[in-house]
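Rule-based calculations on the coordinates, nothing more; no lab input. Owing to the predicted nature of the structure, the values given are computational and were not obtained by experimental measurement. So basically every Cβ, Gly included, is an ideal-geometry build from the backbone, and we count neighbours across all protein chains shown.
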Amino acid sequence: MPSRCAVEPGTGSGDEAGMDMRKLKYFLAVVDHGGFNRAAEHLLIAQPSLSQTIAGLENWVTASATPTAGSFTAAAGPWR
């Protein structure tokens, strides 16, 4: 079965915030290989670099999932 981490990296510099193909590739490698060390070996990168990239992705997901004050107020309706 082919590995899901065969996703080609994006053309971006990698410095931009948010999701890009490189970060998705790294995340899938961690899942497919069962941990950071094996994924880093597979990707031919240092494990701390992989960990930092995944931590940045976690921060982006958390920030994206947090409702803004305006949307929370609208969703809360009369029960505020």
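Kindly rank 23-32, 50-59 from highest to lowest mean number of other beta carbons found within 10 Å of each residue. Let's see the in-between values first.
Values: 23-32: 18.9, 50-59: 14.7.
Those peptides, ordered most packed to least, come out 23-32, 50-59.
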Note: residue 19 to residue 55 extended length (0.36 nm per residue) minus current alpha-carbon separation gives 11.8 nm
Quick calc, the range 19-64, dipole around Cα centre from Cβ unit charges on Lys, Arg (+) and Asp, Glu (-), nearest 20 debye, gives 60 debye
